[in-house]
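*Asks:* Structure incoming, see below.
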Amino acid sequence: MIVELISTGTEILLGQILNKNAQYLAQRLNALGFSVLFQSTVGDNRERMTQVVNTALGRAGLVITTGGLGPTQGDITKEVCASVLGLPLVLDSHSVERIEAFFARRSLSMPQSNLRQAMMPQGAFVLDNERGTAPGVIMEHMGKIIIDLPGPPHEMEWMFENGVVPYLKNRFGEQGAILSKVLRTFGIGESALEEKIMDLIRRQTNPTLALLARDGEIHVRITAKASSDVQAKELIAGLESQIRSRINEFIYGCDDENLEVVVGNLLTETNQTLSLAESCTGGLVTSRLTDIPGSSGYIVGSVVAYSNEVKQGFLDIPDSVLRDFGAVSPETALYMAKQIRSKFASHIGIGITGIAGPGGGTEQKPVGLVYIAVDGSKGPIVHRNIFTGSRMNIKQRTSHAALDHLRRYVL
């Protein structure tokens with residue numbers, strides 16, 4: 001069945017809140033086998049909301065709205081949906097009792113405006129709300145279904161799981177499974193990656209393929225629809241094998257596995273420890289690594305060697321190196337990696353030095369120039385990188401690159 005999600009609320013259009021409801025519902029509905037093919041957002045305007053609901057009913061069999069079920073005059077979603085379906089609103093005594101009980105439990109008097117929340121489309125199925133005062137509602141009319149859910153995420157999620165999911169399973173039975181797997185890559189651009197798997201993209205049917213640019217990474221999403229999870233996973237595995245044969249050197253993880261998790265697992269599996277000397281990243285790489293529980297098992301220590309005084313005084317980098325080659329140079333990065341490894345007696349040392357900007361660059365050493373050195377049992381390696389963007393962009397991209405260089409070194 002085709003599903004459209006409608007998020008209501010002018011605050012979403014103004015960018016004042018993040019629309020987490022649509023993300024949650026799309027993930028859960030796809031997992032249940034329902035095809036979410038459309039998403040719309042509309043403000044608290046009766047005319048425009050009517051247009052959006054009518055459009056949705058013209059292309060989807062199931063329409064799910066979130067928001068606009070409160071007690072104020074601006075909460076109009078239920079009224080609009082009932083009007084579109086030609087259903088009159090009537091007072092639902094069960095909802096009145098629950099709303100009154102909600103206030104009584106808190107020793108509060110109920111404003112009369114809350115009775116608006118108990119007005120329900122005639123013949124509709126009411127969804128109780130255990131987290132707030134706004135009941136949800138399911139309307140069936142001429143082969144179409146509209147489900148109105150409250151906007152607060154904790155209310156919406158509870159109502160969906162405890163009311164909507166049982167309804168959908170009882171009404172439609174098992175819908176099969178829609179599963180996705182994301183292959184996370186680093187070190188290759190989107191267009192270059194696409195060229196390597198272009199034939200697979202052009203002849204895709206089921207599973208489908210999509211490339212997604214995400215914070216310096218390119219993700220390859222494989223989505224399959226089948227009668228069961230097992231069959232969907234088999235379809236995904238077949239296509240994944242073909243993709244890996246083309247780009248496996250760039251794939252570092254799957255789904256929620258980020259670089260710091262993958263690196264941490266590799267260091268744990270190989271029983272290796274790590275120390276870091278960071279300059280332009282200001283400890284960002286260390287921060288990302290230590291965000292992972294259990295990182296104390298492989299992180300020995302770190303130092304932010306931002307000034308030349310620290311590079312000389314703590315890391316013992318010779319004055320001649322800094323004078324002849326500069327703080328931002330492959331020679332300095334290598335010294336940083338070697339010295340931090342030696343001082344902290346770790347298996348691997350990393351040294352990072354660069355120019356994050358916006359100032360400080362020259363024609364020979366522009367903003368975005370970063371050297372990342374890795375020293376360990378395989379010997380020292382230094383990588384030259386040129387990153388673009390803001391200061392924060394350059395720091396973030398440097399941290400990505402450092403983690404990937406480390407990953408490749410440990411492999």
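Only the coordinates and a few stated rules stand behind these numbers; no lab work does. These numbers come from a predicted model, not from an experiment. All Cβ positions, even for glycine, are placed from backbone atoms using ideal geometry, and neighbour counts span all protein chains on display.
*Asks:* Run the simple label-point estimate for Asp316 and Lys233 please: 7 Å along Cα→C-beta, distance reported in nm.
*Replies:* The modelled label-to-label distance comes out at 5.3 nm.
*Asks:* Quick check: pseudo-label points 7 Å beyond the Cα along Cα→Cβ at Arg28 and Ala192, how many nm apart are they?
*Replies:* 4.2
*Asks:* For the chain, what does -39500 (n - 2.57) per DSSP helix run (n ≥ 4), summed and divided by total residues, give at 222 nm, in deg cm²/dmol to the nearest 500? Could the numbers behind the result be given before it?
*Replies:* Working: 16 runs with 164 residues, N = 411.
Counting only the DSSP helices, I get -12000 deg cm²/dmol.
*Asks:* Okay, moving on. Quick check: the distance between the Cα centres of the stretch 5-56 and the stretch 238-280, to the nearest angstrom?
*Replies:* The distance from the Cα centre of the stretch 5-56 to that of the stretch 238-280 comes to 36 Å.
*Asks:* As an exercise, identify the GluC sites (Glu not before Pro) in the stretch 139-223 lying in DSSP coil whose Cβ has no more than 15 other Cβ atoms within 10 Å. It would help to have the intermediate numbers written out before the result.
*Replies:* Numbers: sites: Glu140, Glu155, Glu157, Glu161, Glu174, Glu190, Glu194, Glu195, Glu217; in loops: Glu174.
The qualifying sites are Glu174.
*Asks:* How would you classify the stretch 133-176 from its alpha-carbon gyration tensor, with a ≥ b ≥ c the square roots of the eigenvalues: rounded for a/c under 1.5, else prolate if a/b is greater than b/c, otherwise oblate? Working shown, then result.
*Replies:* Working: a/c = 2.77, a/b = 1.40, b/c = 1.98.
Since a/c reaches 1.5 but b/c is at least a/b, the shape of the stretch 133-176 is classed as oblate.
*Asks:* Additional query: Here are labelled values, [x] 24, 44, 24, 7, 0; [y] 22, 45, 29, 4, 0; [z] 22, 38, 30, 10, 0, and one is the computed P(r) over Cα pairs in 20 Å bins from 0, in percent for what I pasted. Which one?
*Replies:* Computed from these coordinates, P(r) over Cα pairs in 20 Å bins from 0, in percent corresponds to label [z].
*Asks:* Continuing with this model, one more query. Among Tyr306, Tyr335, Tyr409, what is the fewest-to-most ranking by other Cβ atoms within 10 Å?
*Replies:* Details: Tyr306 16, Tyr335 25, Tyr409 19.
With the fewest neighbours first, Tyr306, Tyr335, Tyr409 line up as Tyr306, Tyr409, Tyr335.
*Asks:* Loop-only chymotrypsin sites (Phe, Trp or Tyr not before Pro) in the stretch 130-201, please: DSSP not H, G, I, E or B, and at most 13 other Cβ atoms within 10 Å.
*Replies:* On the way: sites: Trp158, Phe160, Tyr167, Phe172, Phe186; in loops: Phe186.
Qualifying residues, ordered by number: none.
*Asks:* Give the residue list of GluC sites (Glu not before Pro) in the stretch 253-359 that are DSSP loop and have at most 15 other beta-carbon atoms within 10 angstrom. If you can, show how the numbers build up before the last one.
*Replies:* Details: sites: Glu257, Glu260, Glu269, Glu278, Glu309, Glu331; in loops: Glu257.
Passing both the DSSP loop test and the Cβ count: Glu257.
*Asks:* Here's something else I'd like to know. Tell me the relative contact order for the stretch 177-254 as a rounded percent, counting alpha carbon contacts under 8 Å between residues six or more apart.
*Replies:* Values: 121 pairs, mean separation 34.9, N = 78.
Result for the stretch 177-254 is 45 percent.
*Asks:* Remind me, relative contact order of the chain in percent, using alpha carbon pairs under 8 angstrom and six or more residues apart? If you can, show how the numbers build up before the last one.
*Replies:* Values: 761 pairs, mean separation 41.7, N = 411.
Relative contact order for the chain comes out at 10 percent.
*Asks:* Something else: Report the extension gain between Gln122 and Leu411 in nm, rounded to one decimal, defined as 0.36 nm multiplied by the number of residues separating them, less their alpha carbon distance.
*Replies:* Values: separation 289, 0.36 × 289 = 104.04 nm, distance 6.43 nm.
Contour length minus the Cα-Cα distance gives 97.6 nm.
*Asks:* At a threshold of 8 angstrom on Cα-Cα distance, excluding pairs fewer than six apart, so keeping six or more, what relative contact order does the stretch 2-172 reach in percent? Display every interim value, and only then the final one.
*Replies:* On the way: 292 pairs, mean separation 37.7, N = 171.
Result for the stretch 2-172 is 22 percent.
*Asks:* Sorting Met159, Met1, Met392 on the 10 Å Cβ count, fewest up front, what's the list? Show your work: numbers first, answer last.
*Replies:* On the way: Met159 25, Met1 14, Met392 11.
Ranked by crowding around the Cβ, least crowded first: Met392, Met1, Met159.
*Asks:* Relative to the longest principal axis of the chain, what angle (0 to 90°, nearest 10) does the C-alpha long axis of helix 229-247 take?
*Replies:* In the chain, helix 229-247 runs at an angle near 30 degrees to the longest axis.
*Asks:* For the chain, take the longest principal axis of its alpha carbons; what is the angle in degrees between that and the long axis of helix 259-269, to the nearest 10 within 0 to 90?
*Replies:* 60
*Asks:* Further, regarding this structure: Return a single number: how many Lys pairs in the chain, at a sequence separation of 8 or more or on separate chains, have alpha-carbon atoms below 17 angstrom apart.
*Replies:* 9
*Asks:* Within a 10 angstrom radius of the beta carbon, how do Thr223, Thr353 rank from fewest other beta carbons to most?
*Replies:* Values: Thr223 20, Thr353 29.
By the 10 Å Cβ count, ascending: Thr223, Thr353.
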